[in-house]
Amino acid sequence: MCELITIAMAVIASVAFLLARKNSAEKKALMVTSLAFWGAAIMWLVDCIVSAIGGEGFFDFSKEDLILGGIIAGFGWAFFAVLLLAGKIKEAKAK
């Protein structure tokens with residue numbers, strides 16, 4: 001489940017990145033956030049493949065995995081907020 005949630009967050013961040021204004025703090029923060037989500041999605045994909053090779057199911061639809069996916073999504077967007085705040089401060093100092 002955390003794989004599916006991470007992929008959904010990566011797609012959302014990527015679409016938001018493509019729709020963001022050019023050369024803005026939002027665009028830069030979204031780029032880093034989307035790359036982080038895509039990296040996490042690749043990591044979870046490898047974990048799913050190894051689980052399937054080991055005889056377990058490819059996806060884990062347990063409550064614990066859902067909670068883990070929510071934690072990953074929450075920390076990813078918190079990371080975006082920190083990057084966005086840092087970018088806004090940097091833009092304000094440049095003016």
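Here, each number is a calculation from the coordinates, and none is a lab measurement. These numbers were taken from a predicted model, which means no experiment stands behind them. Glycine gets a Cβ as well: all are built from the backbone with ideal geometry, and neighbour counts include every protein chain shown.
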Helix-only mean residue ellipticity at 222 nm for the chain, each DSSP H run of n ≥ 4 adding -39500 (n - 2.57), per residue, nearest 500
-29500 deg cm²/dmol
Which GluC sites (Glu not before Pro) from the range 45-92 combine a DSSP loop assignment with at most 11 other Cβ atoms within 10 Å?
Glu56
Rounding to the nearest 10 and keeping the result within 0 to 90°, find how far the Cα-based axis of helix 2-19 lies from the longest principal axis of the chain.
30
Do any trypsin sites (Lys or Arg not before Pro) in the range 1-68 lie in a DSSP loop with no more than 14 other beta carbon atoms within 10 Å, and if so, which?
Arg21, Lys22
What is the helix-to-structure angle for 63-94, meaning the angle in degrees between its Cα long axis and the longest Cα principal axis of the chain, kept from 0 to 90 and rounded to the nearest 10?
10
Please list, short to long, the whole-number percent of alpha-carbon pairs of the chain in consecutive 5 angstrom bins beginning at zero.
3, 15, 20, 20, 14, 11, 8, 5, 3, 2, 0, 0
Find how much the distance from Ile89 to Val11 grows on full extension, using 0.36 nm per residue of separation minus their present alpha carbon separation; answer in nm with one decimal.
25.4 nm
Can you compute the label reach from Val46? Point 7 Å from Cα along the Cβ direction, backbone N cut-off under 17 Å, restricted to the range 53-89.
53-54
Which ³J(HN,Hα) values in Hz, rounded to whole numbers, follow from the phi angles of the range 44-53 under the Karplus curve 6.51 cos²θ - 1.76 cosθ + 1.60, where θ = phi - 60° and Gly and Pro get x?
5, 5, 4, 4, 5, 5, 5, 4, 5, 5
Rh (Kirkwood, all Cα-Cα pairs) for the range 18-59, Å, reads 12.1
